[in-house]
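My structure is below; once you've seen it, I'll send some questions.
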Amino acid sequence: GVYELQYSGTANVKWFDTVQLALDSELPLDWGDEDYIITDTLSLTTTKDLYWKSSGAKIIFNPAISQRSVISLDCGPFNHSIDGVLNIDANQKAFIGFNASSTAGADIKLGLRIENIYRADVSFTGGDGILLSGYFENIVIDNPIIKNCLMATGAGISGSQGIFGITVTRSGDYEATNIVINNPYIENVYSEDPSYEDDQDGIRVFTRYAPATGQSASSFSINGGYIKNVRGRSVKGQAEQGFVDGLTLIRDTTSNGGVSGVLAQNADIEFQTGGGYITNIQYQYDSFLPRRIARFIQADT
């Protein structure tokens, strides 16, 4: 059966003393629709497939000092799925909301809503609502909502560390193969320094055109959804093939210190390696026009 987690005001959990022990059990978990106050990162190295369900439960992160992640999973070869919607409020005390990695071709399917990510300084790597790294065979992210991912002044490292809504990235020779993001809603991804123009993107896919030995070529698709008021690219792709269909792009220079400075040098949708297809894009730009909406830097197909 599925064990039910219940919040009693002090993050107690039915059947378990703490939420971390509930995760450690690797039993199927039903988070229900309650709020859970968490004072440290929930972390797990899985030894079998992991199944969670949620009816809108919310994890509220409240550690004494900022941490790298609210949830951190090493999936190994084991699959993980979250059915329903699990909410994570990082409370501006985590650099990453949901962080998972694999080196053995796991599948992962997520239903997540994440808000209030904050890259406070340079003490940790990362700055993402969702960060998936390494060799996942299949990634499916359904209806993600990512809001308010902020980076403090001085916390960016140009070309290396920034703030992002969703990132899928390789780790060494390990990279994801099939990535599907359905109906994302990403809003407010930016540095608090309005003069800083690097690494503030909505969705990033960093695999590569030439796959590692023994792995299939990588591809990603983004189907529908909205990306609103990010200060960098809405979509940045590095894969053999990328597909973006039905996405709506919204930018307003009166929000988040303005966005036109970043777009003066970049495109809203940018394929940096491999090839891709862009269809049925809607866009709304208030108070400015970008230099480019879409750009293919190395289009092989």
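The values are calculated or read from the model by the stated rules, or taken from the named source; none is laboratory data. Note that the coordinates shown come from a computational prediction; the quantities given were computed from them, not determined experimentally. Don't worry about glycine lacking a Cβ; one is built from the backbone with ideal geometry, like all the others, and counts go over all protein chains shown. For accessibility, only protein heavy atoms count, side chains too; no ligands or nucleic acids. Shrake-Rupley method; radii C 1.70, N 1.55, O 1.52, S 1.80 Å.
If residue 157 meets every condition in (1) crowded, with 17+ Cβ neighbours inside 10 Å; (2) hydrophobic (A, V, I, L, M, F, W, C); (3) within 23 Å of residue 233 (Cβ to Cβ) apart from one, which number is that one?
Residue 157 satisfies every listed condition except (1).
Here is a further query. Of all residues in the stretch 261-274, which are at pLDDT below 80 and either aliphatic (A, V, I, L, M) or surrounded by fewer than 17 Cβ atoms within 10 Å (Cβ to Cβ) (or both)?
Selection gives 261, 262, 263, 264, 265.
Another question about this same structure. If I ask for residues that are more than 21 Å from residue 228 (Cα to Cα) and surrounded by fewer than 24 Cβ atoms within 10 Å (Cβ to Cβ), which ones from the stretch 176-200 would you list?
Of everything in the stretch 176-200, those that are more than 21 Å from residue 228 (Cα to Cα) and surrounded by fewer than 24 Cβ atoms within 10 Å (Cβ to Cβ) turn out to be 177, 178.
Part of a strand (DSSP E or B), open to solvent by 10 Å² or more (accessible area, probe 1.4 Å), more than 19 Å from residue 180 (Cα to Cα) and among the aromatic types (Phe, Trp, Tyr): is that true of residue 118 in this structure?
yes
Every residue, every condition in (1) of a type in the set (Asp, Glu); (2) farther than 22 Å from residue 81 by Cα; (3) touching a residue at least 60 places away in the same chain (Cβ under 8 Å), yes or no:
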{"residue": "141", "(1), (2), (3)": "no, no, no"}
{"residue": "146", "(1), (2), (3)": "no, no, no"}
{"residue": "155", "(1), (2), (3)": "no, yes, no"}
{"residue": "165", "(1), (2), (3)": "no, no, yes"}
{"residue": "202", "(1), (2), (3)": "no, yes, no"}
{"residue": "217", "(1), (2), (3)": "no, yes, no"}
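May I pose another question? Is it true that residue 89 is under 18 Å from residue 144 (Cα atoms), open to solvent by less than 40 Å² (accessible area, probe 1.4 Å) and charged (D, E, K, R)?
Against the criterion (under 18 Å from residue 144 (Cα atoms), open to solvent by less than 40 Å² (accessible area, probe 1.4 Å) and charged (D, E, K, R)), residue 89 qualifies.
What number goes with the only condition from (1) out of contact with any Gly (no Cβ under 8 Å at 6 or more places or on another chain); (2) assigned to a loop (DSSP other than H, G, I, E, B) that residue 109 does not pass?
With respect to (1) out of contact with any Gly (no Cβ under 8 Å at 6 or more places or on another chain); (2) assigned to a loop (DSSP other than H, G, I, E, B), residue 109 is out only on (2).
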